[in-house]
Number of protein chains: 2
Amino acid sequence: MALPIKEVLTWLTTEQAQGPEQTVDGLKAGDETAVVNGIAVAFMATHSVISQAATLDANLLITHEGLYFSHHDPADLDDLGPVYREKHKLIESSGLAVFRLHDYVHRYQPDGITEGLIQELGWEPYIVDRQPVSAIAEIPPMPLEEVARQVKEKLDLPFVRAVGDPAMPCRRIGLLVGYRGGGGQAIPLFEREHLDLIIAGEGPEWETPEYVRDACSQGRPKALLLLGHAQSEEPGMKLLAKRLKEKFADVPVHYIPGDPLFKWI
Amino acid sequence: MALPIKEVLTWLTTEQAQGPEQTVDGLKAGDETAVVNGIAVAFMATHSVISQAATLDANLLITHEGLYFSHHDPADLDDLGPVYREKHKLIESSGLAVFRLHDYVHRYQPDGITEGLIQELGWEPYIVDRQPVSAIAEIPPMPLEEVARQVKEKLDLPFVRAVGDPAMPCRRIGLLVGYRGGGGQAIPLFEREHLDLIIAGEGPEWETPEYVRDACSQGRPKALLLLGHAQSEEPGMKLLAKRLKEKFADVPVHYIPGDPLFKWI
């Protein structure tokens, strides 16, 4: 039975979430009245992801971050140079409808991106609280270094950045995906929730990391693991693909993992 | 001859720079009428730095970033928990005057922080343009991987994060210290200056790094090296200490290097 793109978008934004009043989400390319051939889901619509989606015969690409390297869409691509113009051309010629799902998926009950990270870590049994922007886990106590090793293995990461004593026992852990590692989110969470460790995507280096360092100097052991922004949020988009597969069983749904962004030299 | 703290601060902010209209800079602790015994200079007033400054018999500490893990000073420390309160107590009991020099030093002609990085890299002969927030270098062409190796050696870094082909020849390079690695600064600089490579402190991961990745996918080779925020700005504060030594020859001036913030696990 023919499934219009609009029906998928409606399910993503109204049956799944309390809508935000203002949002960066929306259809960034394509026509919502077209019939869905296949759905591709990715963290970010990189050139490589767009090309892969087209090869997979998907005509709807759902991504978490914006197309043009910025949380807010630029007003005019023409002024921004050839990289923007060529990316725009690639999207147009691919024929893909591209829908950004950022604010909505973070407002799912519970947060669809945080939930993906929890599941990818296999930490569902340890979660003691799901809050709007975080989740709190209580794990069997283990040294920071061992937590880092297990997280790297589960998420297939070459490196994580850590602050704190590698031997510090960690039991109560806060999860903050994406850019929520900044001081405005992470520092109050440490204090309010009496956390040993926060595992976050990214955030400014002179905020939470320096807070953790000073806390350690005061004999208040705390620790921080920064996974990387994409690394912390890709599992949430992978989970979304799984949910789309269950909901729209007649349509092929592909999750396209991102390639690692950084080389560590 | 007795040198009041005020005289040092006046030199730092009026004889050296076009003052910003609004600023985060200022005396954050202590009394500017006190006589200087010694000056300590550091990137950030961590617990460790404050303790070292006190041990060195310095009574004026000049730092680049704020005391409390945020670009803007918090309104009320008492609400923010024990880490803030104990740090406040440590500063009070150290008797140090603490002056934050951020906006002014960035407005020196040329930018005092960027200049420190240039000197630490030994790249003065390669600089072809000094702009308000960046500097442009033209180096003898070498592969990205070799640039990274030389930068790591000069700045004594265990790791840098890189985007781009390690074999890509780099000649024209933009330097953006601190948080200037964000898309708003770095992407236009790539375009305007036809850069092969930007070397920056830090910035959001889905901005400049993803722009560089897409540019490479388009066959427009570009590269990015992220040094870390402190790593890119500490040389600027080291240079400031050298200038203070020259200006106030009768007063001991100590540069206190920061310990590495992150462990790479």
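Could you tally the net charge around residue A:16, taking each other residue with its Cβ under 10 Å from the Cβ of residue A:16, Lys/Arg +1 and Asp/Glu -1?
Surrounding charge for residue A:16 is +2.
Where the only charges are on Cβ atoms (+1 Lys, Arg; -1 Asp, Glu), what is the dipole of segment A:193-265 about its Cα centre, to the nearest 20 debye?
The calculated dipole for segment A:193-265 is roughly 300 debye.
Using a 1.4 Å probe, how large is the accessible area of residue B:168, given in Å² and rounded to the nearest 10?
Using a 1.4 Å probe on the heavy atoms, I get roughly 10 Å².
What trypsin sites (Lys or Arg not before Pro) in segment A:81-115 are in a loop by DSSP, with at most 11 other Cβ atoms within 10 Å of the Cβ?
Within segment A:81-115, no trypsin sites (Lys or Arg not before Pro) qualify (loop, at most 11 other Cβ atoms within 10 Å).
For the protein assembly as shown, how big is Rg over Rh, using alpha carbon atoms and the Kirkwood form of Rh?
Here the Rg-to-Rh quotient is 1.00.
Between the label point of residue A:37 and that of the same position in each other copy, find the distances and list them shortest first in nm, with every label point placed 7 Å from Cα along the Cα-to-C-beta direction.
7.7
Leaving ligands, DNA and RNA out of it, rank B:165, B:25 by accessible area with a 1.4 Å probe, largest first.
B:165, B:25
So what's the net charge close to residue A:154: Lys and Arg +1, Asp and Glu -1, counting the other residues with Cβ under 14 Å from its Cβ? Each step should come with its number before you reach the end.
Values: positive: A:149, A:152, A:238; negative: A:120, A:124, A:146, A:153, A:156, A:234.
Here the charged neighbours net out to -3.
Using the Cα centre of segment A:5-105 as origin and beta-carbon charges of +1 (Lys, Arg) and -1 (Asp, Glu), tell me which of A:53, A:69, A:33 is placed farthest towards the positive end of the dipole.
Working it through, the farthest residue towards the positive pole turns out to be A:53.
Using alpha-carbon pairs under 8 Å, 6+ residues apart, how would you state the relative contact order of chain B in percent? The partial results should precede the final answer.
Values: 495 pairs, mean separation 55.1, N = 265.
Over chain B, the number comes to 21 percent.
At what distance in nm do the modelled label points of residue B:124 and residue A:172 sit from each other, each positioned 7 Å from its Cα along Cα→Cβ?
5.4 nm
Taking the Cα centre of segment B:78-179 as the origin, how large is its charge dipole in debye, to the nearest 20, when only Lys and Arg (+1) and Asp and Glu (-1) carry charge on their Cβ atoms?
Dipole size: approximately 60 debye.
What distance in nm separates the two pseudo spin-label positions at residue B:220 and residue A:18, each 7 Å out from Cα along the beta-carbon direction?
Between residue B:220 and residue A:18, the simple spin-label model gives 4.2 nm.
Decide, for segment B:51-102, between rounded, prolate and oblate: order the square roots of the alpha carbon gyration tensor eigenvalues as a ≥ b ≥ c, take rounded if a/c falls under 1.5, and otherwise choose prolate if a/b is larger than b/c, else oblate.
Judged from the Cα gyration tensor, segment B:51-102 comes out oblate (a/c at least 1.5, b/c at or above a/b).
Where a ≥ b ≥ c are the square roots of the eigenvalues of the C-alpha gyration tensor, would you call chain B rounded, which needs a/c under 1.5, or, failing that, prolate if a/b is larger than b/c, or oblate?
In terms of gyration-tensor shape, prolate.
Rounded to the nearest 5, what % of the DSSP beta bridges within segment B:127-259 are antiparallel ones?
Of those bridges, close to 60 percent are antiparallel.
Considering only DSSP beta bridges where both residues belong to segment A:5-105, give the percentage that are antiparallel (nearest 5).
Details: 3 of 11 bridges.
Within segment A:5-105, antiparallel bridges account for around 25 percent of the total.
Relative to the present Cα-Cα distance, how much length would full extension add between residue B:10 and residue B:75 at 0.36 nm per residue of separation?
That pair, residue B:10 and residue B:75, stretches by 20.8 nm at full extension.
Along segment A:26-43, what does the Karplus equation 6.51 cos²θ - 1.76 cosθ + 1.60 (θ = phi - 60°) give for ³J(HN,Hα), rounded to whole Hz, x for Gly and Pro?
My calculation for segment A:26-43 gives x, 7, 9, 7, x, 10, 6, 8, 5, 8, 6, 8, x, 10, 10, 10, 8, 5 Hz in order.
Skipping prolines and chain starts, which residues have an amide H placed within reach, meaning under 5 Å, of the one on residue A:28, given they are 5 or more residues away or on another chain?
Hits under the 5 Å cutoff: A:98, A:99, A:100.
On a 0 to 90 degree scale, rounded to 10, what angle separates helix B:82-94 from the longest Cα axis of chain B?
Roughly 60 degrees, rounded to the nearest 10.
Label-point separation (nm) for residue A:157 and residue B:249, each offset 7 Å from Cα along Cα-to-Cβ?
Placing both labels 7 Å beyond Cα along the Cβ direction yields 5.2 nm.
Treating only the Cβ of Lys, Arg, Asp and Glu as charged (+1, +1, -1, -1), what charge dipole size does the protein assembly as shown show about its Cα centre? Round to the nearest 20 debye.
Numbers: 50 positive and 78 negative charges, 161 e Å.
Around 780 debye, computed over the protein assembly as shown.
Can you tell me the 0 to 90 degree angle between the C-alpha axis of helix B:183-193 and the longest principal axis of chain B, rounded to 10?
Computed tilt is about 50 degrees.
Where both residues lie in the protein assembly as shown, what percent of DSSP beta bridges are antiparallel, nearest 5?
50 percent
As I understand it, the value is the acute angle between the Cα axis of helix B:229-247 and the longest principal axis of the Cα atoms of chain B; what does it come to in degrees, rounded to 10?
50 degrees
For segment B:108-128 and segment B:166-229, compute the distance between their C-alpha centroids and round to whole Å.
Value for the Cα centre distance between the two parts: 18 Å.
Around residue B:167, what is the net charge, scoring Lys/Arg as +1 and Asp/Glu as -1 over all other residues with Cβ under 10 Å from its Cβ?
Here the charged neighbours net out to -3.
Which one of B:61, B:155, B:117 has the biggest mean-square fluctuation once chain B is modelled by GNM with Cα springs under 10 Å?
Sorting by GNM fluctuation, first place goes to B:155.
How many angstrom separate the Cα center of segment A:1-43 from the Cα center of segment B:37-88?
49 Å
In terms of the Cα gyration tensor, with a ≥ b ≥ c the square roots of its eigenvalues, is segment B:112-230 rounded because a/c is under 1.5, prolate because a/b exceeds b/c, or oblate?
Rounded, since a/c falls under 1.5.
The values are calculated or read from the model by the stated rules, or taken from the named source; none is laboratory data. From a predicted model like this one, the values you see are computed outputs, not experimental measurements. When we count neighbours, we look across all protein chains shown, and the Cβ atoms used for this are built from the backbone with ideal geometry, even at glycine. Remember, those area values only see protein heavy atoms, side chains included, never the ligands or the DNA or RNA. Shrake-Rupley method; radii C 1.70, N 1.55, O 1.52, S 1.80 Å.
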